[in-house]
Amino acid sequence: MSQVLIIVLKGLAGGAMVVLFSAIGEAIRPRGLAGITSAAPSIALASLLVALIASGVTTAYELSLGMIAGAAAMIAWCLVGIEGLKRLGALKGSVLTTGVWFVSALSLWAVFLR
Amino acid sequence: MALRDAERPLQERPAVEVAKARSARRSAYLIRFGFGAAVSVLAAVLGLAGGHRFGGLFLAFPAILPAALTLLEKKEGLAQAVSDVRGAVIGAVGMLAFAVVAAQLMRSATPVALPAALGAWVITSAAVYVLMRSLVHVFGERQYMPEIPTVEALPVITALRERRLSIAVAESCTGGAIAALLTAVPGAGAVMRGGVVAYDDGVKQDTLGVSPEVIAERGSVNAAVAREMAQGVKQRLRADVGLAITGLLGPHDGDEEGATYIALCMPDGRVLLRHYAEDHGPGRNRERDIRMALRLVLDGVSGEPH
């Protein structure tokens, strides 16, 4: 399967999975519980499935390893994001603190995965 | 009769409301589809350029959350957005479990790797959520109103205490939130006389003495009603200053969504008025109204230029 087709499939599957988890999140109350679906592995599930079918086990395994670092960085971003939101509002607070994810994820990747 | 502790709803119970998912706008889902597709493509391209481990990082990139939080803040207020991020912390811990299980099983038990990883996300998230709820039960919520910390009302209470002025509050659109915030400040008892939630026009007339003619002629959201509410609550609760607020928080309250009138009746009978017309969505309108009301009291009693 060509790389372009794989990328397109990952895009379509990722978008669909995000919509599915968003719909689940909309239906759940209270908001604190629904927020769990905000950090659902929607894109990961779609991408790993397509990678497994189209590229093989090794690629999916390598992606999973990278995701461990990304998920650890996600926890750091969310924790900092709570204070960011309180102080700066949703848009500024969440966008400006995204730097925390980049620093954490790239540091973990450089130390453990490269 | 006071509720027994067992009957008191300390926290909202978990529930699934399918109608809520159906009522969400199609455009919101389309935006999320676009974000999801874009991040998936980005992760795939970066994987090709920098290796699959590098691309894998972006399978846990928080790209959709900022957009979702911004929409949520506009619709339901900052407190709900903060609650959502708190939930996202739990989901992120689950996401880490997902990645670890996927990596562990991908080569040794390929067919079950992804279902098991998804199960790990659900179980881990649920376990952390239950743990967090238990901790809240044990330690209690630290903030009464997370969207506007009590500390923001402190200068108002301090200014009133320094000038030995008492205050009474009449609220329509904020439903008692200003009084709740003021009374959450330690020492509020020295200055706070009380409040009236005059949500219904009849209460505005009967309890606060707002003129029925004014309401019949111009409705209940205008400067004249706010003025009479402030004068009425000051007089009837025998306070030195009377604060009043009336507004349309939207989105179902009429054409002037977001319009609010705030009035402060001073000890000498002068009335200071503020009007805000911009619509930021019901959640943020409410926060703005509470903050602006607090600021008006602070400016009024401090003698700042208005």
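The values are calculated or read from the model by the stated rules, or taken from the named source; none is laboratory data. Keep in mind it's a predicted model, so treat the numbers as computed, not measured. We place every Cβ from the backbone using ideal geometry, glycine too, and count neighbours over all the protein chains shown.
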Query raised in the report: Among the residues of segment B:179-202, is there at least one that is buried (at least 16 other Cβ atoms within 10 Å of the Cβ), touching a Leu at 6+ places or on another chain (Cβ under 8 Å) and either outside the structural domain of B:Asn285 (by TED's automatic domain parsing) or over 19 Å from B:Leu165 (Cα atoms) (or both)?
Result: yes
Requested in this report: Please specify each residue of segment B:193-222 satisfying the condition of being more than 16 Å from B:Ile245 (Cβ to Cβ) and touching a Ser or Thr at 6+ places or on another chain (Cβ under 8 Å).
Outcome: B:Arg193, B:Gln205
**Report entry** Selected residue (only one of A:Ala44, A:Ala40 is touching a residue at least 12 places away in the same chain (Cβ under 8 Å), touching a Leu at 6+ places or on another chain (Cβ under 6 Å) and crowded, with 24+ Cβ neighbours inside 10 Å)
**Finding:** A:Ala44
Report task. Kindly indicate whether any position in segment A:103-114 is out of contact with any Pro (no Cβ under 8 Å at 6 or more places or on another chain), without any contact (Cβ under 8 Å) to a residue 24 or more places away in the chain, surrounded by fewer than 20 Cβ atoms within 10 Å (Cβ to Cβ) and not hydrophobic (A, V, I, L, M, F, W, C). Result -> yes
Report task. Output the helices (runs of 4 or more DSSP H) that fall wholly within segment B:33-140 and possess 2 or more residues being more than 7 Å from chain A (Cβ to nearest Cβ) and under 28 Å from A:Gln3 (Cβ atoms), or say none. Result -> B:78-105, B:110-139
Query - Filter result for the condition that a residue is surrounded by 15 or more Cβ atoms within 10 Å (Cβ to Cβ), charged (D, E, K, R) and at pLDDT below 95, over B:Glu171, B:Glu141, B:Glu152 - result: B:Glu152
**Report entry** In segment A:55-101, residue surrounded by the fewest Cβ atoms within 10 Å (Cβ to Cβ) [restricted to those that are of a type in the set (Lys, Arg) and more than 7 Å from chain B (Cβ to nearest Cβ)]
**Finding:** A:Arg87
